[in-house]
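The values are calculated or read from the model by the stated rules, or taken from the named source; none is laboratory data. It should be emphasised that the depicted structure is a prediction, and the values quoted were computed from it without experimental measurement. FYI the Cβ positions are ideal-geometry reconstructions off the backbone, even for glycines, and counts take in every protein chain you see. Protein only, heavy atoms only, side chains kept; ligands, DNA and RNA dropped before computing areas. Shrake-Rupley method; radii C 1.70, N 1.55, O 1.52, S 1.80 Å.
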Amino acid sequence: MIKIAIAGAAGRMGRHLVQACAESKNMTLKQAIERSDNALLGSDAGIVAGIEVQNVLITDALDAEEFDILIDFTHPDVTANHVDYCLQHNRKMVIGTTGCDETLEQKMREAAESIAIMYAPNMSVGVNLCFQLLKTAATVLGDTVDIEIIEAHHRHKVDAPSGTALKMGQVIAESLGRDLDSCAVYGREGQIGPRKRQTIGFETIRAGDIVGEHTVLFAGEGERIEITHKASSRMTFANGAIRASHWISQKDRGLYSMQDVLGLQ
Ligand code: NAD
(Lines give C-alpha, C1' and ligand atoms only; values in the text may rest on other atoms or scores of the structure.)
Protein backbone atom coordinates (compact mmCIF):
# COMPACT_ATOMS: atom_id res chain seq x y z
CA MET A 1 0.00 0.00 0.00
CA ILE A 2 1.20 3.52 -0.82
CA LYS A 3 1.20 5.67 2.32
CA ILE A 4 -0.36 9.10 1.74
CA ALA A 5 -0.24 12.36 3.70
CA ILE A 6 -2.71 15.11 2.75
CA ALA A 7 -1.91 18.76 3.48
CA GLY A 8 -4.92 21.06 3.84
CA ALA A 9 -7.05 18.07 4.81
CA ALA A 10 -9.93 20.16 6.15
CA GLY A 11 -10.06 22.40 3.07
CA ARG A 12 -12.45 22.11 0.12
CA MET A 13 -10.02 20.00 -1.88
CA GLY A 14 -8.54 18.27 1.17
CA ARG A 15 -11.89 16.71 2.11
CA HIS A 16 -12.34 15.35 -1.42
CA LEU A 17 -8.75 14.04 -1.38
CA VAL A 18 -9.44 12.17 1.86
CA GLN A 19 -12.51 10.60 0.21
CA ALA A 20 -10.64 9.74 -3.02
CA CYS A 21 -7.81 8.20 -0.98
CA ALA A 22 -10.30 6.13 1.04
CA GLU A 23 -11.90 4.87 -2.21
CA SER A 24 -8.52 3.87 -3.70
CA LYS A 25 -7.51 0.20 -3.46
CA ASN A 26 -3.74 0.77 -3.24
CA MET A 27 -3.50 3.96 -1.18
CA THR A 28 -3.78 4.31 2.56
CA LEU A 29 -4.21 7.64 4.33
CA LYS A 30 -1.58 7.94 7.08
CA GLN A 31 -1.47 11.67 7.80
CA ALA A 32 -3.92 14.58 7.49
CA ILE A 33 -2.33 17.98 8.10
CA GLU A 34 -3.87 21.38 8.75
CA ARG A 35 -2.66 24.77 9.92
CA SER A 36 -1.98 24.98 13.64
CA ASP A 37 -4.97 27.24 14.39
CA ASN A 38 -7.52 25.12 12.51
CA ALA A 39 -10.54 24.34 14.68
CA LEU A 40 -10.70 20.79 13.28
CA LEU A 41 -7.28 19.70 14.63
CA GLY A 42 -7.78 16.43 16.53
CA SER A 43 -10.87 15.45 14.48
CA ASP A 44 -10.89 12.28 12.38
CA ALA A 45 -10.11 13.15 8.73
CA GLY A 46 -12.85 10.81 7.47
CA ILE A 47 -15.55 12.43 9.62
CA VAL A 48 -14.41 15.90 8.48
CA ALA A 49 -14.63 14.67 4.86
CA GLY A 50 -18.17 13.39 5.45
CA ILE A 51 -17.25 9.71 5.05
CA GLU A 52 -16.63 6.86 7.49
CA VAL A 53 -13.98 7.09 10.23
CA GLN A 54 -10.43 6.75 8.81
CA ASN A 55 -8.66 6.48 12.18
CA VAL A 56 -6.40 9.36 11.10
CA LEU A 57 -6.61 12.46 13.28
CA ILE A 58 -5.93 15.86 11.73
CA THR A 59 -2.64 17.23 13.10
CA ASP A 60 -0.47 20.27 12.37
CA ALA A 61 2.88 18.58 11.67
CA LEU A 62 4.20 16.25 9.01
CA ASP A 63 6.00 13.09 10.10
CA ALA A 64 8.14 11.66 7.29
CA GLU A 65 8.19 8.26 8.99
CA GLU A 66 4.46 7.98 8.28
CA PHE A 67 4.13 8.63 4.53
CA ASP A 68 5.58 7.99 1.06
CA ILE A 69 3.80 10.75 -0.85
CA LEU A 70 2.52 14.15 0.28
CA ILE A 71 -0.51 15.47 -1.61
CA ASP A 72 -0.56 19.24 -1.17
CA PHE A 73 -3.52 21.45 -2.14
CA THR A 74 -2.94 24.44 0.14
CA HIS A 75 -1.33 27.83 -0.43
CA PRO A 76 1.97 28.70 -2.17
CA ASP A 77 3.75 29.69 1.09
CA VAL A 78 2.71 26.40 2.70
CA THR A 79 3.65 24.39 -0.39
CA ALA A 80 7.11 26.03 -0.43
CA ASN A 81 7.75 24.81 3.14
CA HIS A 82 6.50 21.35 2.22
CA VAL A 83 8.87 21.16 -0.77
CA ASP A 84 11.76 21.88 1.64
CA TYR A 85 10.45 19.24 4.06
CA CYS A 86 10.03 16.53 1.42
CA LEU A 87 13.44 17.29 -0.09
CA GLN A 88 15.04 17.03 3.37
CA HIS A 89 13.26 13.74 4.14
CA ASN A 90 13.32 12.24 0.63
CA ARG A 91 9.54 12.02 0.16
CA LYS A 92 7.54 12.37 -3.08
CA MET A 93 4.97 15.11 -3.71
CA VAL A 94 1.81 15.70 -5.70
CA ILE A 95 1.20 19.46 -5.75
CA GLY A 96 -2.15 20.95 -6.79
CA THR A 97 -1.70 24.39 -5.21
CA THR A 98 -2.21 27.22 -7.70
CA GLY A 99 -0.82 30.75 -7.71
CA CYS A 100 2.77 29.45 -7.34
CA ASP A 101 5.25 32.08 -8.56
CA GLU A 102 8.47 31.56 -10.55
CA THR A 103 10.55 31.40 -7.34
CA LEU A 104 8.48 28.51 -6.01
CA GLU A 105 8.46 26.76 -9.38
CA GLN A 106 12.26 27.08 -9.45
CA LYS A 107 12.39 25.59 -5.95
CA MET A 108 10.31 22.65 -7.25
CA ARG A 109 12.66 22.19 -10.24
CA GLU A 110 15.70 22.16 -7.95
CA ALA A 111 14.08 19.76 -5.45
CA ALA A 112 13.07 17.50 -8.34
CA GLU A 113 16.73 16.79 -9.02
CA SER A 114 16.54 14.61 -5.89
CA ILE A 115 12.84 13.74 -5.36
CA ALA A 116 9.84 13.05 -7.61
CA ILE A 117 7.25 15.85 -7.83
CA MET A 118 4.04 15.98 -9.88
CA TYR A 119 2.80 19.56 -10.11
CA ALA A 120 -0.36 20.51 -12.00
CA PRO A 121 -2.69 23.49 -11.62
CA ASN A 122 -5.54 21.26 -12.77
CA MET A 123 -5.63 17.50 -12.25
CA SER A 124 -8.84 16.75 -14.12
CA VAL A 125 -8.39 14.35 -17.03
CA GLY A 126 -10.81 16.44 -19.11
CA VAL A 127 -8.86 19.68 -18.68
CA ASN A 128 -5.61 17.95 -19.60
CA LEU A 129 -7.27 16.57 -22.72
CA CYS A 130 -8.39 20.14 -23.46
CA PHE A 131 -4.74 21.27 -23.40
CA GLN A 132 -4.14 18.89 -26.31
CA LEU A 133 -7.24 20.14 -28.17
CA LEU A 134 -6.06 23.72 -27.64
CA LYS A 135 -2.63 22.93 -29.10
CA THR A 136 -4.30 21.51 -32.20
CA ALA A 137 -6.73 24.42 -32.56
CA ALA A 138 -4.00 27.04 -32.09
CA THR A 139 -1.68 25.32 -34.57
CA VAL A 140 -4.39 25.02 -37.26
CA LEU A 141 -5.97 28.45 -36.77
CA GLY A 142 -2.78 30.42 -36.04
CA ASP A 143 -3.03 34.16 -36.55
CA THR A 144 -6.38 34.01 -38.37
CA VAL A 145 -8.40 34.23 -35.14
CA ASP A 146 -8.72 36.26 -31.93
CA ILE A 147 -8.13 34.12 -28.85
CA GLU A 148 -9.89 34.78 -25.54
CA ILE A 149 -9.89 32.68 -22.37
CA ILE A 150 -12.83 33.01 -19.99
CA GLU A 151 -12.83 31.30 -16.60
CA ALA A 152 -15.35 31.14 -13.75
CA HIS A 153 -14.84 29.90 -10.18
CA HIS A 154 -16.49 30.06 -6.75
CA ARG A 155 -16.35 33.24 -4.66
CA HIS A 156 -13.66 31.87 -2.26
CA LYS A 157 -10.93 31.41 -4.88
CA VAL A 158 -8.02 33.74 -4.02
CA ASP A 159 -5.94 33.82 -7.22
CA ALA A 160 -6.87 35.12 -10.67
CA PRO A 161 -6.82 34.23 -13.48
CA SER A 162 -6.99 30.58 -12.48
CA GLY A 163 -3.86 28.45 -12.81
CA THR A 164 -5.71 26.46 -15.44
CA ALA A 165 -6.54 29.54 -17.52
CA LEU A 166 -2.89 30.61 -17.38
CA LYS A 167 -1.75 27.13 -18.38
CA MET A 168 -4.21 27.22 -21.30
CA GLY A 169 -2.71 30.56 -22.31
CA GLN A 170 0.80 29.13 -22.11
CA VAL A 171 -0.10 26.09 -24.21
CA ILE A 172 -1.66 28.32 -26.88
CA ALA A 173 1.16 30.90 -26.81
CA GLU A 174 3.79 28.17 -27.18
CA SER A 175 1.92 26.63 -30.10
CA LEU A 176 1.85 30.05 -31.79
CA GLY A 177 5.44 31.01 -30.96
CA ARG A 178 4.23 33.94 -28.81
CA ASP A 179 5.50 35.01 -25.37
CA LEU A 180 2.52 34.92 -22.98
CA ASP A 181 4.00 37.57 -20.66
CA SER A 182 4.03 40.11 -23.47
CA CYS A 183 0.82 39.14 -25.32
CA ALA A 184 -1.58 38.49 -22.39
CA VAL A 185 -4.31 41.05 -21.69
CA TYR A 186 -6.03 40.70 -18.31
CA GLY A 187 -9.52 42.26 -18.38
CA ARG A 188 -10.47 45.41 -20.30
CA GLU A 189 -12.04 48.72 -19.35
CA GLY A 190 -12.42 52.21 -20.87
CA GLN A 191 -11.10 53.46 -24.23
CA ILE A 192 -9.01 50.43 -25.08
CA GLY A 193 -8.94 50.82 -28.88
CA PRO A 194 -9.30 48.00 -31.40
CA ARG A 195 -8.17 44.54 -30.44
CA LYS A 196 -4.66 43.48 -31.48
CA ARG A 197 -4.68 40.05 -33.15
CA GLN A 198 -1.54 38.86 -31.35
CA THR A 199 -3.00 39.34 -27.88
CA ILE A 200 -4.50 36.55 -25.78
CA GLY A 201 -7.29 37.90 -23.56
CA PHE A 202 -8.24 36.63 -20.08
CA GLU A 203 -11.58 37.27 -18.39
CA THR A 204 -12.26 36.18 -14.82
CA ILE A 205 -15.61 35.54 -13.17
CA ARG A 206 -15.91 34.88 -9.40
CA ALA A 207 -19.39 33.91 -8.21
CA GLY A 208 -21.27 31.59 -5.88
CA ASP A 209 -20.21 27.96 -5.76
CA ILE A 210 -18.95 27.43 -9.35
CA VAL A 211 -16.44 24.55 -9.13
CA GLY A 212 -14.47 25.57 -12.24
CA GLU A 213 -15.34 26.47 -15.85
CA HIS A 214 -13.00 27.40 -18.71
CA THR A 215 -13.85 28.42 -22.25
CA VAL A 216 -11.34 29.32 -24.96
CA LEU A 217 -12.72 31.25 -27.93
CA PHE A 218 -11.02 31.10 -31.31
CA ALA A 219 -12.99 33.79 -33.13
CA GLY A 220 -12.40 34.52 -36.81
CA GLU A 221 -14.36 36.13 -39.65
CA GLY A 222 -17.57 34.15 -40.15
CA GLU A 223 -16.98 31.40 -37.62
CA ARG A 224 -15.99 30.77 -34.02
CA ILE A 225 -14.72 27.71 -32.21
CA GLU A 226 -15.25 27.37 -28.46
CA ILE A 227 -13.49 24.73 -26.38
CA THR A 228 -15.15 24.46 -22.98
CA HIS A 229 -14.51 22.41 -19.87
CA LYS A 230 -16.88 22.46 -16.90
CA ALA A 231 -16.04 20.73 -13.62
CA SER A 232 -19.15 19.87 -11.64
CA SER A 233 -17.45 18.15 -8.68
CA ARG A 234 -14.08 18.52 -6.94
CA MET A 235 -13.84 14.72 -7.03
CA THR A 236 -12.52 15.01 -10.60
CA PHE A 237 -9.42 16.86 -9.27
CA ALA A 238 -9.09 14.55 -6.26
CA ASN A 239 -9.26 11.40 -8.39
CA GLY A 240 -6.65 12.94 -10.70
CA ALA A 241 -4.37 13.53 -7.70
CA ILE A 242 -4.76 9.89 -6.62
CA ARG A 243 -4.01 8.71 -10.16
CA ALA A 244 -0.92 10.98 -10.15
CA SER A 245 0.17 9.60 -6.75
CA HIS A 246 0.00 6.07 -8.07
CA TRP A 247 1.99 7.07 -11.17
CA ILE A 248 4.67 9.00 -9.26
CA SER A 249 5.17 6.17 -6.78
CA GLN A 250 7.15 4.51 -9.61
CA LYS A 251 9.48 7.53 -10.10
CA ASP A 252 12.59 8.34 -8.09
CA ARG A 253 13.11 11.95 -9.12
CA GLY A 254 12.00 14.58 -11.63
CA LEU A 255 9.30 17.24 -12.04
CA TYR A 256 6.24 15.95 -13.90
CA SER A 257 2.91 17.32 -15.10
CA MET A 258 -0.52 15.75 -15.46
CA GLN A 259 0.27 15.45 -19.17
CA ASP A 260 3.07 13.03 -18.20
CA VAL A 261 0.76 11.09 -15.89
CA LEU A 262 -1.84 10.71 -18.66
CA GLY A 263 0.74 9.92 -21.34
CA LEU A 264 -0.28 13.00 -23.36
CA GLN A 265 3.18 14.58 -23.44
P1 NAD B 1 -9.13 25.81 0.89
O2 NAD B 1 -8.79 27.17 1.43
O3 NAD B 1 -10.52 25.29 1.09
O4 NAD B 1 -8.12 24.71 1.50
C5 NAD B 1 -6.78 24.97 1.80
C6 NAD B 1 -6.51 24.35 3.16
O7 NAD B 1 -5.12 24.44 3.46
C8 NAD B 1 -7.27 25.07 4.28
O9 NAD B 1 -8.06 24.14 5.00
C10 NAD B 1 -6.15 25.65 5.13
O11 NAD B 1 -6.48 25.70 6.52
C12 NAD B 1 -5.03 24.64 4.86
N13 NAD B 1 -3.74 25.12 5.30
C14 NAD B 1 -3.30 26.40 5.42
N15 NAD B 1 -2.07 26.43 5.95
C16 NAD B 1 -1.70 25.15 6.15
C17 NAD B 1 -0.54 24.54 6.68
N18 NAD B 1 0.52 25.26 7.10
N19 NAD B 1 -0.50 23.18 6.75
C20 NAD B 1 -1.54 22.43 6.33
N21 NAD B 1 -2.70 22.97 5.84
C22 NAD B 1 -2.76 24.30 5.75
O23 NAD B 1 -8.75 25.86 -0.64
P24 NAD B 1 -9.12 24.80 -1.77
O25 NAD B 1 -10.28 25.29 -2.54
O26 NAD B 1 -9.14 23.42 -1.19
O27 NAD B 1 -7.86 24.96 -2.73
C28 NAD B 1 -6.54 24.73 -2.27
C29 NAD B 1 -5.57 24.96 -3.42
O30 NAD B 1 -5.77 23.97 -4.43
C31 NAD B 1 -5.75 26.30 -4.11
O32 NAD B 1 -4.48 26.79 -4.52
C33 NAD B 1 -6.59 25.95 -5.33
O34 NAD B 1 -6.50 26.88 -6.38
C35 NAD B 1 -6.00 24.63 -5.68
N36 NAD B 1 -6.81 23.74 -6.52
C37 NAD B 1 -6.13 22.97 -7.41
C38 NAD B 1 -6.81 22.06 -8.20
C39 NAD B 1 -6.02 21.18 -9.14
O40 NAD B 1 -6.61 20.34 -9.83
N41 NAD B 1 -4.69 21.32 -9.18
C42 NAD B 1 -8.19 21.93 -8.10
C43 NAD B 1 -8.86 22.72 -7.17
C44 NAD B 1 -8.15 23.60 -6.37
With a Förster distance of 30 angstrom and the Cβ-Cβ distance between K25 and D77, calculated FRET efficiency to the nearest 0.05 equals 0.30
With 0.36 nm assigned to each residue of separation and the Cα-Cα distance removed, D159 to D179 gains 5.1 nm
Taking 0.36 nm per residue of separation between I47 and K135 and subtracting their Cα-Cα distance, the length gained on full extension comes to 27.5 nm
Checked against the positive end of the charge dipole of the stretch 1-142 (+1 on Cβ of Lys and Arg, -1 on Cβ of Asp and Glu, about the Cα centre), the farthest of T28, G42, A64 is T28
With the 8 Å Cα cutoff and a minimum separation of six or more residues, the chain has a relative contact order in percent of 20
Helix-only [θ] at 222 nm, the chain, -39500 (n - 2.57) per DSSP H run of 4+, per residue, nearest 500, equals -10500 deg cm²/dmol
Normalised per residue, the volume inside the convex hull of the alpha-carbon atoms of the chain in Å³ amounts to 137
Spelling it out for S114: with amide H atoms placed in the peptide plane at 1.01 Å from N, the residues 5 or more places away or on another chain with amide H under 5 Å from its amide H are G254
If the chain between Q250 and N55 were fully extended at 0.36 nm per residue, the gain over the current Cα-Cα distance would be 67.5 nm
Between A207 and R109, the two model label points (7 Å from Cα along the beta-carbon direction) sit apart by a distance in nm of 3.9
The summed charge of the I6 Cβ neighbourhood (under 11 Å; Lys/Arg +1, Asp/Glu -1) stands at 0
For the stretch 125-231, the dipole about the Cα centre with charges only on Cβ (Lys and Arg +1, Asp and Glu -1), to the nearest 20 debye, works out at 120
Given backbone amide H placed at 1.01 Å from N, residues whose amide H is under 5 Å from that of M27, ignoring those fewer than 5 places away on the same chain, are I2
Helix 235-248 sits off the longest principal axis of the Cα atoms of the chain, rounded to the nearest 10 on a 0 to 90 degree scale, by 70
Mean accessible area per residue over the stretch 39-190 (1.4 angstrom probe, all protein chains present, square angstrom) is 46
Computed from the beta carbon distance with a Förster radius of 45 Å, FRET efficiency for D37 and Q259 to the nearest 0.05 stands at 0.75
The stretch 125-231, convex hull of Cα, quarter of hull surface, nm² -> 7.1
Across 5 Å bins beginning at 0, the whole-percent shares of Cα-Cα pair distances in the stretch 23-163 come to 2, 8, 14, 17, 18, 17, 12, 6, 4, 3, 1, 0
Between the alpha carbon centres of the stretch 1-48 and the stretch 103-141 the gap in Å comes to 24
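So for the stretch 125-231: antiparallel DSSP bridges make up what percent, rounded to the nearest 5?
60
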